[in-house]
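Take a look at the structure set out below.
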Amino acid sequence: MYSIQHCLKFASLVVTPCLLGGAALAQTWPSRVVRVIVPFVPGGPTDVQGRWAAQQLSAALGQQFVVENRGGGGGVPGTDAVVRAAADGYTLLAGNPGPLTVSPSVNAKMPYDTLRDLAPIFLIARTASCLMVHPNVPAKGIKEFVALAKAQPGKINYGSPGVGTVGHFATELFATQAGIKLNHVPYKGAAQYTVDLIAGHIEVAINQFAICAPLQQAGKLRAIGATSEKRSPLLPDLATIAEQGLTGFVSYNWNGVLAPAKTPREIIARIHDVLSKQLALPEHRDSFVNQGHEVSGLGPEDYANFIRAEVDKWARVAKAAGIQKQ
């Protein structure tokens, strides 16, 4: 028969690791390679910023953070791979609004719940865009364009990277607030619809500033409004859409780092601390700004609130635009 002291000692051996599991894991983490899954093909903003985060973490923590691209399905399969991974800090997500806040509004059978199944860690940057038209479109600004669209409802074609993408929903948000009807022409990416916009096969599209600025300066396309809260340093003379009468209109793409839900808070705190310090360095901030991004730096709680607001926003857009879940 065991003594009370023996039982208490045995209980402490069993319970203490459970109570200290997160802290103990964080002390040894990372002890092996960490995967950073980018749910898109290489080359886009999510890939670029995901690789930036991986490089900073590798340098600061002395362990390899390896980017793994899993493109296809609008980013949903790659995001789901992170959701299904062990919540031990060895699988991270380079996230953007497509699979996290927009897809839930168009996909009836999402394999995950963004708000429940992922732990936001760090919002790196937001990326605004501009509304661009072909030079033959007789509109120099938003008011002229809205008047033109009202005169021919449903006959002006706009391009997007596909159904359920930020470009699709941002344009529908614009159309809803302006009280106009545009015809959606989905493509497989921004490069394709930009070529068609330059050729005049479609009349209007939303594109990121890094693409807009050189096309505007070359006279190939005309930028008529920025989707941001304030003007972009890349096109400082371009007024925001809100400035031009659509009060409250704002739309951003964005990129950040997330982990599976239940990842130990201590590990999340370490990742946030590293990325926060690196993003504060002038060379990193200036690099992002020069690419047309607005540096953010939101931490776990604020980033979670930001994502929650985005989910609600795009759900309202889907309802107002009559976009049905498939």
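The values are calculated or read from the model by the stated rules, or taken from the named source; none is laboratory data. The structure presented is a predicted model; accordingly, all values stated were derived computationally and were not measured. Every residue, glycine as well, gets a Cβ built from its backbone with ideal geometry; the counts of neighbours run over all protein chains shown. Ligands, DNA and RNA are excluded from the accessible area calculation, which covers all protein heavy atoms including side chains. Shrake-Rupley method; radii C 1.70, N 1.55, O 1.52, S 1.80 Å.
Report, in whole Å, the centroid distance computed from the Cα atoms of segment 125-182 and segment 260-326.
The two parts, judged by their Cα centres, are 25 Å apart.
Among D312, D196, D237, determine the one that fluctuates most according to a GNM of the chain built with springs between C-alpha atoms less than 10 Å apart.
Among D312, D196, D237, the largest GNM mean-square fluctuation belongs to D237.
Convert each backbone phi in segment 271-284 into a coupling constant with the Karplus relation 6.51 cos²θ - 1.76 cosθ + 1.60 (shift: θ = phi - 60°), then list the ³J(HN,Hα) values in order as whole Hz, x for Gly and Pro.
Using θ = phi - 60°, the values come out as 5, 4, 4, 5, 5, 4, 5, 6, 5, 6, 6, x, 5, 6 Hz.
Report relative contact order for segment 34-84 in percent, whole number only (criteria: Cα-Cα under 8 Å, sequence separation at least 6).
Worked out over segment 34-84, it gives 49 percent.
What is the extension gain from K230 to A199, computed as 0.36 nm multiplied by their sequence separation minus the C-alpha to C-alpha distance, in nm to one decimal?
8.2 nm
Sort the following peptides by mean Cβ neighbour count (other Cβ atoms within 10 Å, averaged over residues), highest first: 128-135, 35-42.
Highest to lowest by the protection proxy: 128-135, 35-42.
Using a Gaussian network model of the chain whose springs link C-alpha atoms within less than 10 Å, name the residue from A87, A139, A60 with the highest mean-square fluctuation.
Evaluated over the chain, the most mobile residue of the options is A60.
How large, in percent, is the carbon and sulfur part of the accessible surface of segment 27-162 at a probe radius of 1.4 Å?
52 percent
Rounded to a whole number, what % of the accessible area of segment 222-274 do carbon and sulfur atoms account for, probe 1.4 Å?
Carbon and sulfur atoms account for 51 percent of the accessible area of segment 222-274.
Normalised by the residues of the chain, what does the relative contact order come to in percent, with Cα pairs under 8 Å and at least six apart?
It comes to 26 percent, rounded to a whole number.
Hey, can you rank 64-75, 217-228, 107-118 by average C-beta count inside 10 Å, highest first?
Ranking, from highest mean packing down: 217-228, 64-75, 107-118.
In the P(r) worked out for the chain, what percent of Cα pairs fall beyond 35 Å?
27 percent
Please give the length that would be gained between S287 and A261 if that part of the chain were fully extended, namely 0.36 nm times their separation in residues minus their C-alpha to C-alpha distance (nm, one decimal).
Extra length available between S287 and A261 comes to 6.3 nm.
Suppose we take every Cα in segment 257-326 and form the convex hull; what volume per residue is that in Å³?
124 Å³
With the other protein chains left in place, how much accessible area per residue, in square angstrom, belongs to the chain at a 1.4 angstrom probe?
47 Å²
Add +1 for every Lys or Arg and -1 for every Asp or Glu among the other residues with Cβ under 13 Å from the Cβ of A318, and state the total.
Local net charge: +1.
Nearest 10 degrees, 0 to 90: what angle lies between the long axis of helix 300-321 and the longest principal axis of the chain (Cα atoms)?
40 degrees
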